[in-house]
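Data block below; observations after.
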Amino acid sequence: MCLICGWIYDEAAGDPEHGIAPGTPWAAVPMNWTCPECGARKEDFEMVQI
């Protein structure tokens with residue numbers, strides 16, 4: 001989950017609009033990827049239980 005805006009990365013959905021294929025695990029998301037909602041960096045995300 002993005003600590004800035006609350007957007008949640010879903011591994012099953014990925015982020016195809018920004019080059020992250022569906023099924024991509026969080027660990028495989030590149031460090032230079034940014035939140036599609038607010039532009040926060042990957043380091044501004046924290047794992048949450050859903």
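The values are calculated or read from the model by the stated rules, or taken from the named source; none is laboratory data. On a predicted model such as this, the values are computed, not experimentally measured, just so you know. Counting neighbours? That spans all protein chains shown, and the Cβs are built from the backbone with ideal geometry, glycine included. Please note that ligands, DNA and RNA were not included when accessible areas were found on the heavy atoms of the full protein model with its side chains. Shrake-Rupley method; radii C 1.70, N 1.55, O 1.52, S 1.80 Å.
Structure above, values below:
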| item | result |
| --- | --- |
| Net length gained if the chain between MET47 and CYS5 were fully extended (0.36 nm per residue, minus Cα distance) | 13.7 nm |
| Within the accessible area of the chain (1.4 Å probe), percent carbon and sulfur | 53 percent |
| Accessible area expressed per residue, the chain, with surrounding protein chains retained (probe 1.4 Å, Å²) | 69 Å² |
| Net +/- balance of residues flanking ILE50 in space, Cβ distance below 15 Å, scoring K and R +1, D and E -1 | -3 |
| Projected label distance in nm at GLU37 and ALA12, using a 7 Å step from Cα toward the beta-carbon | 1.9 nm |
| Contact order normalised by residue count of the chain, Cα under 8 Å, 6+ apart, percent | 38 percent |
| Simple Cβ-charge dipole of the chain, Lys/Arg +1 and Asp/Glu -1, about Cα centre, in debye nearest 20 | 100 debye |
| Net +/- balance of residues flanking MET31 in space, Cβ distance below 11 Å, scoring K and R +1, D and E -1 | +1 |
| Listed candidates [x] -0.33, -0.67, -0.98; [y] -0.65, -0.83, -0.92; [z] -0.40, -0.76, -1.00 - label of the one calculated as log10 I(q)/I(0) by the Debye sum over Cα atoms at q = 0.15, 0.21, 0.25 Å⁻¹ | [x] |
| List ASP15, ASP10, ASP44, ordered by accessible area with a 1.4 Å probe, largest first | ASP10, ASP44, ASP15 |
